[in-house]
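The values are calculated or read from the model by the stated rules, or taken from the named source; none is laboratory data. Quick caveat: nothing in here was measured; it's all calculated off a predicted structure. Using ideal geometry, Cβ is built from the backbone for each residue, glycine included, and neighbour counts are taken over all protein chains shown.
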Amino acid sequence: MGKIQSDIDIQELMSAINATAEQTSLEIDFYDADHLTAEVLAILRECADRRPEFKVVTYHSLLGQRLLRLNLPVQQKIVEADVKRSLQCQVLAIAGSANSLDKLMYIVEKLPVEKSSIFVLQHVLEDQINLLDSLLRVKTNYAVVMPHHMVRVVPGTIYIAPPGHHMKVAHGFIYLTQDKKMQFARPSIDVLFESLALEYGDKTTAVVLCGLGSDGVAGCTALKEAGATVIIEDSSECAGGTAMPDAIKKASQNHYVFRHQVIASILAAYLENDTSSLSDNALSGFLHALDLQYGFDFKNYQRDSLARRIQHLMDRFHFPHFADFQLAVLSSDSLFERMLAEISVAVTQFFRHPAQFTQLRQHVLPYLNSFPVIRIWSAGCATGEEAYSLAILAHELHIEKKCRIFATDINQHLLDIAATASYPLEELVIAESNYLQTEGPGEFNNYVDVNSRYLSLKGNYKKLPTFHQHSLVNDGSFNEFQLIICRNVLIYFDTELQKKILQRFFLSLHSDGFLVLGPQDGLDVLARSVGLTPFIKGTTIYRRNNEKNND
């Protein structure tokens, strides 16, 4: 149980293994670990080599994939939490205080007009004029009604609870009463929600926004018991009005907690006609929701590439409808990690694009040797092969003592792999070939230990790179660098974001520094436009044009 990271954890694991006879079968189950250190990998390898019956059982899918690539005996347990829930939005109810007006209007504006009936309830003073119907008509193409008593419910209509009246639904009609206040409120969320639970049951999705008091707890209880779905707004958005969503959450009468923009994206996806496809509007809403929920901004990634990768994950996890997939990702950290791993393209090799490494060996790094400290940034380093190739290069040029290699990526899972410096055996052949083409003085095999399962780097130079999580989209520059390498990353961004990041690289370079882009990135025109000029004609190694004004 727990993650295996500290020396104490490793010692406990070793003690448990040593307590068993070497000739007996052994199974090691990792329930919580999503990555393992190089030391633990070595322990597993030794067990696999020495014990007649040995297997590792993992409950984290990314760890299972990682160990399989390292040729270790793994059994992957599929753990599916409540991520396959599907919202039914034949009836949608949205409730909150008067202070939630802006959020309510934002949600309604995002909803495509479909055959759903929508009930809206606000806590307002009874003598206060409620203009919500007029305000919503400007934001939506739904029919918007502040109903009278005994109005028939019809699809494609928003019904707003009038001030001073409880609103409930029965037998296809809306009933308005002036019964006593419930939880000091009239209209009451409890009254509306309890009637919806009886009338529509599991065809209902209810949303509770910010507000005071505990109105809504009983109503949400009734809805949950009827199989409906209850979503509450994240109280971090509810300055001064956290009591209502907090009371529902404390009573465990909700299914999900989201920010209001995330709620809008989820509801919009479920209300779209064809929920099996991924429309541009649905994708835009999803990407905005991901940014809010997890802090990862994919809005300027290439849309076609994103859509393909999302569809691949939907197929892999048997989600026939995008709306269900979106809900699962936004409510499951582990599924988001899988999606992040899919989006973060980890295509890399040791000494990839050997011609560029030859130029680094012969021209760039010898020039930078005149600096007392050489700061190198490997941006989008994936699983670290590029960063370790730079370390080997620095070692061979006898400049490793003055080099500082910062390797960054958006994906922490890939960085954890990089930190182990352990790679599949099949990487060896291409690594040897690439290294020979760089005209190095030795052999790549000198830098790795090749065991029965995988290969791992050896030597002190493997400690030269330091790995850090960093987003090229959201995070700024963190140092001044003599060399920046960013290859096969920007190709997945749209032109606007490519230019933004190239400008950031320009500002992050020392005036005598170098930027290396991928040969297939196709960014020469953009690079020149931000003040970069090719170091050698026909290459994608650039230097700053310090005379260009980049303000």
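Descriptive notes on the structure:
- Failed item, numbered, when Glu396 is tested on (1) free of Cβ contacts under 8 Å to residues at least 60 places away in the same chain; (2) crowded, with 19+ Cβ neighbours inside 10 Å: (2)
- With respect to being free of Cβ contacts under 8 Å to residues at least 12 places away in the same chain, of a type in the set (Asp, Glu) and outside the structural domain of Leu111 (by TED's automatic domain parsing), Asp324 falls outside the description.
- Screening Gly96 on (1) in the same structural domain as Asp133 (by TED's automatic domain parsing); (2) assigned to a loop (DSSP other than H, G, I, E, B) shows it passes everything except condition (2).
- The set of residues in the stretch 92-109 being surrounded by fewer than 22 Cβ atoms within 10 Å (Cβ to Cβ) and in contact (Cβ under 8 Å) with a residue 24 or more places away in the chain consists of Ala98, Asn99, Leu101, Met105, Tyr106, Glu109.
- Qualifying residue in the stretch 127-144 (condition: surrounded by 14 or more Cβ atoms within 10 Å (Cβ to Cβ), farther than 17 Å from Met167 by Cα and modelled with pLDDT under 90): no
- Hits in the stretch 272-290 - residues which are at pLDDT 90 or above and crowded, with 17+ Cβ neighbours inside 10 Å: Leu283, Gly285, Phe286, Leu287, His288, Ala289, Leu290
- Filtered residue count, the stretch 523-546, keeping only those that are in contact with a Ser or Thr (Cβ under 9 Å, 6 or more places away or on another chain), surrounded by fewer than 21 Cβ atoms within 10 Å (Cβ to Cβ) and in contact (Cβ under 8 Å) with a residue 24 or more places away in the chain: 3
- Among the residues of this structure, Arg309 does not count as one that is farther than 16 Å from Ser61 by Cα and either at pLDDT 90 or above or outside any helix (DSSP H, G or I) (or both).
- Any hit, the stretch 389-404, residues being in contact with a His (Cβ under 6 Å, 6 or more places away or on another chain) and more than 15 Å from Val448 (Cβ to Cβ): no
- Per-region count, the stretch 14-38, residues out of contact with any Leu (no Cβ under 9 Å at 6 or more places or on another chain) and closer than 26 Å to Arg338 by Cβ: 6
Here's the yes/no breakdown for (1) basic (Lys, Arg); (2) within 28 Å of Phe505 (Cβ to Cβ):
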residue	(1), (2)
Lys402	yes, yes
His413	no, yes
Ala421	no, yes
Tyr435	no, yes
Glu439	no, yes
Asn446	no, no
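- When residues in the stretch 20-47 are screened for being of a type in the set (A, V, I, L, M) and over 34 Å from the mean Cα position of the chain (by Cα), 2 of them pass.
- Among residues of the stretch 369-393, those that are of a type outside the set (D, E, K, R) and surrounded by fewer than 21 Cβ atoms within 10 Å (Cβ to Cβ), counted: 5
- Filter result for the condition that a residue is outside any loop (DSSP other than H, G, I, E, B) and out of contact with any helix residue (DSSP H, G or I) (no Cβ under 7 Å at 6 or more places or on another chain), over Asp246, Asp315: Asp315
- Within this structure, Val113 passes the test of being farther than 30 Å from Ser236 by Cβ and touching a Phe, Trp or Tyr at 6+ places or on another chain (Cβ under 6 Å).
- Condition check for Lys168: basic (Lys, Arg) and under 20 Å from Leu223 (Cα atoms): yes
- Residue match in the stretch 371-388 (condition: in contact (Cβ under 8 Å) with a residue 40 or more places away in the chain, among the hydroxyl-bearing types (Ser, Thr, Tyr) and part of a helix (DSSP H, G or I)): yes
- Flag for Ile410 being β-branched (Val, Ile, Thr), assigned by TED's automatic domain parsing to the domain that holds Ala431 and touching a helix residue (DSSP H, G or I) at 6+ places or on another chain (Cβ under 7 Å): no
- Whichever residue in the stretch 167-186 is under 18 Å from Ile248 (Cα atoms) and in contact with a strand residue (DSSP E or B) (Cβ under 8 Å, 6 or more places away or on another chain) and, among such residues, is surrounded by the most Cβ atoms within 10 Å (Cβ to Cβ): Ala185
- Considering residues of the stretch 439-455 that are surrounded by fewer than 20 Cβ atoms within 10 Å (Cβ to Cβ) and not charged (D, E, K, R) only, the residue farthest from Arg45 (Cα to Cα): Pro441
- Residues of the stretch 123-132 that are β-branched (Val, Ile, Thr) and either in a strand (DSSP E or B) or touching a helix residue (DSSP H, G or I) at 6+ places or on another chain (Cβ under 6 Å) (or both): Val124 alone.
- There is no residue in the stretch 358-375 that is of a type in the set (S, T, N, Q) and within 24 Å of the chain's Cα centre (by Cα).
- Residue in the stretch 284-302 that is closer than 29 Å to Val169 by Cβ and either basic (Lys, Arg) or out of contact with any strand residue (DSSP E or B) (no Cβ under 6 Å at 6 or more places or on another chain) (or both) present: yes
- Identity of the residue in the stretch 467-523, among the aliphatic types (A, V, I, L, M) and assigned to a loop (DSSP other than H, G, I, E, B), that ends up farthest from the chain's Cα centre (by Cα): Leu523
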